[in-house]
Amino acid sequence: MNTKIWVGINVLIIALGLVVVSGVVISDDDEHEGERYWHPSRLDVAPVDNAFYREECGACHFAYQPGWLPARSWQRLMGGLEDHFGENAELDAADVRRLTEYLTANAADRSNYKRSRGMVRSLYNDQVPLRISGTRYFKRKHHELPARMVRDNPEVRSFSNCDLCHTRAAQGSYNEHQVKVPGFAGWDD
Amino acid sequence: MKARALALMVALFAVPAMGAASAVDERLAAYRAAGAGPFSAEAGERLWQREVVRAVDGGARSCTTCHGRDLRRAGRHAKTGKPIEPLSPAVNAERLGSVKKIRKWFRRNCKWTWGRECTAQEKGDLLSFIRSR
Amino acid sequence: MNTSIAKFDHDAVGSRQTQAQRRWVKVWDPLVRVFHWSLVSAFFIAYFTEDELLDLHVYAGYLVGGLLVFRLIWGFVGGRHARFGDFVKPPREVWAYLKSIIAQHPRRYLGHNPAGGAMVIALLVSLVLTTVSGIAIYGAGESAGPLAASLSGVGDFWADVLEEVHEFFANLTLSLVFFHVLGVLIASLQHRENLVKSMVDGRKPVDEEGAS
């Protein structure tokens, strides 16, 4: 084969090889599994693996995964439990500390799951969102839904009730193909 | 030998039952030490249904708002709609079993419902009421 | 390029007896072949992972993009039959060739025939639009990738438009692939040769009739 072809082949192989190798090197770090750059996972956020959090913070509402908000948001929320969106959610100081540690350690800015990354990237550094459903990232993903499916739907009533429509929310999957809006059988995007 | 084994079994089965009662008893003892008592389930029921109007939005709240009047049935969180397991210990064995939980929920819910902490007398009456259902 | 004195016999090509007597000519250079099959893999990986395995989808998309850049350059400096000049023909020639396929006596080409050439261009255009719109929606919707800085502030309406455009061209590419495969099958049958194998080993039987 002539020289031109050989050079071309070598360049192509080296280029492809570099892409693959760098991807593997960057991602192959067991210690920081949640922080991998490359993270092909079907899940949107890391599922809740803390029973204490699930019990304490899932008693009144869906146990939102910490990966939905940045650490600073969780700090602020946990520092104001006496007025938790109009409710009193006070806890002992030791419990507050324990939960705050779990939340901040697994927050969106410490996670590599795809929605955590998308959420973080969509926020300005000085934004401290307290409501997941109030963030621009969330709204963009839900903006096509008519009021009759959520707000005016007596079986849903609020975007805060993730698991009423996202059938696998508790497992960390918010895949649009697994959504079933109560009262709207056969709805599809 | 048989009598001892029998006594042991009775004791073993009695322990869990005692456990359920003991959290409430501990609390009642603490309330008495603070000067409250005697406690009555009837007074507790009246407190249970007592409504307080919130200055913030004019809405009225009582314990029944979330837990309902019949403690044997499941309730619903007024805001999120999340189902709340029945409060009656006869129906739900997990209720009133932990001092920590009793304290936590009184602290939160009295403030949320009535806008203030409950007095020791009120807590004693309420516990007596819940336990009786 | 080899030439042979033996006459190219369409009917005999398929038979085993003449197999050993066949002369082969190199048509597809190694790079165009590696490009072709890498593109097949990358496209299908991207198509089937879509939003579910987003990281993998994006990587596959970048790979498609890189392959397209290579092909666009190679179309001007590459092997003879890889160059656009070899197979891009004016529309009337493409149309005439399609008619000759239906009439069952299409002329044989060593490189891409005019219809195949048109399909190459259609696929490249569709893939470029798919990739570019994909990078755009990645920037607008996930605030990631090279267009994140310029597009992450874009409103919901335009973000939706980009998403629809991306989906449209991805599906358009898939339809083109379907017709491409169909075309390859028909041409293989009409000329009694294995065109898929030719894209793997780069060789085609010599054609004394002067196919070029």
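What to note about this one:
- Likely footprinting exposure, B:I102, C:I73, A:I9, fewest C-beta neighbours within 10 Å first: C:I73, A:I9, B:I102
- Ignoring lysines fewer than eight residues from C:K197 along the same chain, the ones with Cα atoms less than 19 angstrom from its Cα are C:K26.
- Remark: segment A:133-189 projects, on average over all directions, an area of 3.7 nm² (convex hull of Cα atoms).
- Per residue of C:50-62, other chain Cβ atoms within 10 Å of the residue Cβ number 4 on average.
- Note on B:D125, B:D25: ascending count of other Cβ atoms within 10 Å places them as B:D25, B:D125, the fewest first.
- Neighbour-limited loop hits for GluC sites (Glu not before Pro), segment B:17-97 (at most 13 other Cβ within 10 Å; DSSP other than H, G, I, E, B): B:E51, B:E94
- Seen against the Cα atoms of chain A and their longest principal axis, helix A:93-105 is set at about 30 degrees.
- The mean number of Cβ atoms from other chains found within 10 Å of a Cβ in peptide A:81-89 is 4, as a whole number.
- The C-alpha atoms of chain B define a longest principal axis, and helix B:99-114 lies at about 20 degrees to it.
- At least 18 Å along the helix axis (C-alpha) and Kyte average at least -0.5, DSSP helices within chain C: C:30-49, C:54-77, C:114-142, C:156-191
- Cα long-axis angle, helix B:120-132 against chain B (0 to 90 degrees, to the nearest 10): 60 degrees
- All other residues whose Cβ lies under 10 angstrom from that of A:R72 are scored, Lys and Arg at +1 and Asp and Glu at -1, for a net of -1.
- Proximity of backbone amide H atoms, modeled 1.01 Å from N, is registered between B:I84 and B:G75, B:R76, B:H77 at under 5 Å, excluding neighbours fewer than 5 places apart on the same chain.
- For C:V25, distant residues with modelled amide H under 5 Å away: C:K204, C:V206
- Helical contribution to [θ] at 222 nm, DSSP H n ≥ 4, -39,500 (n - 2.57), averaged over the protein assembly as shown, rounded to 500: -17000 deg cm²/dmol
- Among the listed pairs A:K139/B:K111; A:K141/B:K79; C:K99/C:K204; B:K101/B:K123, those with a Cα-Cα distance over 22 Å are A:K139/B:K111; A:K141/B:K79; C:K99/C:K204.
- Pairwise FRET efficiency - A:Q171 versus A:W6, Cβ, R0 = 41 Å, nearest 0.05: 0.20
- Per-selection Rg to Rh, segment B:2-132 - Cα, Kirkwood hydrodynamic radius: 1.05
- The residues neighbouring C:R80, those whose beta-carbon lies less than 9 Å from its own, together hold a net charge of -1 under the Lys/Arg +1, Asp/Glu -1 convention.
- For A:L130 and B:V91, a Förster radius of 30 Å and the Cβ-Cβ distance give a FRET efficiency of 0.25, rounded to the nearest 0.05.
- When +1 charges are put on Lys and Arg Cβ atoms and -1 charges on Asp and Glu Cβ atoms, the dipole computed for the protein assembly as shown relative to its Cα centre reaches about 620 debye.
- Remark: relative contact order (segment A:56-189) = 21 percent; criterion is Cα-Cα distance under 8 angstrom and separation of 6 or more residues.
- Amide proton proximity set for A:L69, modelled H, under 5 Å, gap of 5+: A:A108
- Put in line by how crowded their Cβ is, counting other Cβ atoms within 10 Å and starting with the fewest, B:K2, B:K101 read B:K2, B:K101.
Laboratory data are not the source of any read-out in this text; all were calculated from the coordinates shown. Owing to the predicted nature of the structure, the values given are computational and were not obtained by experimental measurement. Virtual Cβ from ideal backbone geometry, glycine too; neighbours counted across all protein chains shown.
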